[in-house]
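Visitor: Can you keep this structure in mind? I'll have questions shortly.
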Amino acid sequence: THEELELLYPKDKVAGGTWVGASSKKRILTLMNGGFVAHKRKESYRLSRGVVVLELLKTDSVKKFVSAFDFHGIEPFTVVLLDWANKPELLQLVWDEEKLHMKSLPLKPQIWSSSPLYTKEMHAVREGWFDVFNKNNKRARASDLWEFHHETGEGDKEVGLIIDRGIVRTKSITQLVVSPQAVESVYHDLESGKTQANILAI
C-alpha cells in the first residue's frame, strides 16, 4: 500500500523498484531494458528504471507525469502500459537517453523483445512464433499464454522465450490477468521452480 493506493509488484531487492506491476488505479505495466536499439551501458545512472515503473503505477495521469518528469540520467527502457480507468488505452513509452517517445497502440495481441538482448532478426523469429500462436488461438486464455511463454522456442537458449546464455538468462516469468474486479499476478521463479499467485482488488 502506497498512501492508500494499492499496488501489486515483485520488488527488486537491489534498487527497490520493479519491472512489472498493477495499480488499483486500473493500470498495469511492464518494463523492458533498452529503447529502440541496443545501447552502451554507463558505469552508473542517476535513477533506477524500476523506480520510474512505481511512479507510473502511482500517478493520477500518465501523460502529465511523462511531460513533467526528468528522465535524464536513467538507462534506456521500454514500458508497455494498459490503463482502463476510463476507456482502455494501451501505451508504449520509450526512453532513448535523449527523449521520451510515447504513443498509443491498438488493443490487439502484440509481442515485444528487449533491444539489448535480441537483434532485429531474433525479434522477427519471436514475432513469427507469436503470429502462429494467435492463428491457432483465436480466443487465447491466460493459460494458453502461460504455456506460450514457457514452451515456445524450448531448447533454443539464444532466441527462445526462456534464454540461457550463461551470464544472461531468464530468471522468472510474470503474468498479469485482468478481470472487472481484480488483477491476478502469477510469478514463476525459474531458478527455484516455485510459483506464487497474488490478487489485487480494483
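Visitor: Considering only protein heavy atoms, what is the solvent-accessible area of M32 at a probe of 1.4 Å, reported in Å² to the nearest 10?
Guide: 40
Visitor: While we're looking at this one, here's another question. For the chain, what does -39500 (n - 2.57) per DSSP helix run (n ≥ 4), summed and divided by total residues, give at 222 nm, in deg cm²/dmol to the nearest 500? All intermediate terms of the calculation are to be shown ahead of the outcome.
Guide: Numbers: 4 runs with 44 residues, N = 202.
The per-residue figure over the chain is -6500 deg cm²/dmol.
Visitor: Pick from I167, I28, I74: which is most flexible by mean-square fluctuation in a GNM of the chain where alpha carbon atoms under 10 Å apart are linked?
Guide: Greatest mean-square fluctuation among the candidates belongs to I167.
Visitor: Using the basic label-point model (7 angstrom from Cα toward the beta carbon), what is the L190 to H72 distance in nanometres?
Guide: The answer from the label model is 3.7 nm.
Visitor: Between the DSSP loop rule and a limit of at most 12 other Cβ atoms within 10 Å, which trypsin sites (Lys or Arg not before Pro) in segment 28-80 are left?
Guide: K40, R41, K42, R46
Visitor: Residue by residue, what Karplus-based ³J(HN,Hα) values in Hz, rounded to whole numbers, does segment 50-63 have, using 6.51, -1.76 and 1.60 with θ = phi - 60° and x for Gly and Pro?
Guide: Each residue's phi maps through the Karplus curve to give x, 5, 4, 4, 4, 5, 5, 6, 8, 5, 6, 9, 4, 5 Hz.
Visitor: Let me ask something additional. Would you mind getting me the FRET efficiency between Q92 and A140? Use the beta-carbon distance for r and R0 = 22 Å, nearest 0.05.
Guide: Numbers: r = 21 Å, r/R0 = 0.95.
E(calc), rounded to 0.05, equals 0.60.
Visitor: Which entries in the list K11/K58; K108/K138; K26/K58; K138/K194 go over 19 Å, if you measure between the two C-alpha atoms of each? Intermediate values should be presented prior to the final figure.
Guide: Numbers: K11/K58 15 Å; K108/K138 11 Å; K26/K58 10 Å; K138/K194 30 Å.
K138/K194, as the Cα separations exceed 19 Å there.
Visitor: Another one. Would you list, by chain and number, the aspartates and glutamates whose Cα falls below 19 Å from the Cα of K87, excluding same-chain residues fewer than 8 positions away?
Guide: By straight Cα distance, K87 reaches D60.
Visitor: Another question, then. Taking only C-alpha pairs under 8 Å that are 6+ residues apart, what is the relative contact order of the chain in percent?
Guide: So the answer I get is 16 percent.
Visitor: Straight-line reach from K135: which aspartates and glutamates fall under 16 Å, measuring Cα to Cα and dropping same-chain residues less than 8 apart?
Guide: Cross-link targets: E127, D144, E147.
Visitor: For segment 31-40, just list the computed ³J(HN,Hα) in residue order, Karplus coefficients 6.51, -1.76 and 1.60, θ = phi - 60°, integers in Hz, with x standing in for Gly and Pro.
Guide: 10, 10, 5, x, x, 6, 9, 4, 10, 8
Visitor: Turning to a different aspect of this structure: Identify which of the listed values of P(r) over Cα pairs in 10 Å bins from 0, in percent was calculated from the structure shown: (1) 8, 34, 38, 15, 3, 0; (2) 8, 29, 31, 21, 9, 2, 0; (3) 8, 33, 40, 18, 1.
Guide: This structure yields the entry labelled (3).
Visitor: Considering only protein heavy atoms and a probe of 1.4 Å, how much of the accessible area of the chain is carbon and sulfur, as a whole percent? Please list the in-between numbers first.
Guide: Working: 6170 of 12260 Å².
That fraction is 50 percent.
Visitor: Something else: Under a Cβ-only charge scheme (Lys and Arg +1, Asp and Glu -1), can you give me the dipole magnitude of the chain about the Cα centre, in debye to the nearest 20? List each step's numbers first, then the result.
Guide: Numbers: 28 positive and 27 negative charges, 65 e Å.
The dipole of the chain has a size of about 320 debye.
Visitor: Oh, and also: Return the long-range amide H neighbours of D12 (sequence gap of 5 or more, or a different chain), with a cut-off of under 5 Å between placed amide H atoms.
Guide: Residues meeting the criterion, in which the H sits 1.01 Å from N, are G17, T18.
Visitor: For segment 79-202, what is the accessible area per residue in Å² when the probe is 1.4 Å?
Guide: Ligands and nucleic acids excluded, the result is 63 Å² per residue.
Visitor: Find the centroid of the Cα atoms in segment 20-61 and in segment 94-128, then give the distance between the two in whole Å.
Guide: So the separation of the two Cα centres works out to 14 Å.
Visitor: Can you give the Rg and Dmax of segment 1-119 based on its C-alpha atoms, in angstrom?
Guide: So, for segment 1-119, Rg and Dmax equal 13.9, 42 Å respectively.
Visitor: From the residues N86, M32, L57, which one has its Cα farthest along the dipole of segment 1-102 in the positive direction, the dipole being from +1 and -1 charges on Cβ of Lys/Arg and Asp/Glu about the Cα centre?
Guide: Most positive-ward Cα: M32.
Visitor: Counting only residues 5 or more places away or on other chains, whose amide H sits under 5 Å from the amide H of I163 once H atoms are built in the peptide plane?
Guide: Excluding prolines and chain starts, which carry no amide H, the hits are T170.
Visitor: In addition: Given T152, S23, I167, which one lies farthest toward the positive end of the charge dipole of the chain, if we put +1 on the Cβ of every Lys and Arg and -1 on the Cβ of every Asp and Glu?
Guide: Among T152, S23, I167, the one farthest towards the positive end of the dipole of the chain is S23.
Visitor: Which pairs, out of K42/K63; K25/K171; K25/K103, put more than 22 Å between their alpha-carbon atoms?
Guide: Too far apart for the 22 Å limit: K42/K63; K25/K171.
Visitor: To continue, here is another question. Using Cα springs under 10 Å in a Gaussian network model of the chain, which residue among G50, G155, G21 shows the largest mean-square fluctuation?
Guide: G155
The values are calculated or read from the model by the stated rules, or taken from the named source; none is laboratory data. All values derive from a computational prediction rather than experimental measurement. For neighbour counting, all protein chains shown are included, and Cβ atoms are generated from backbone atoms with ideal geometry for every residue, glycine included. For the accessible areas, the whole protein counts, side chains as well, though only heavy atoms, and no ligand, DNA or RNA atoms are used. Shrake-Rupley method; radii C 1.70, N 1.55, O 1.52, S 1.80 Å.
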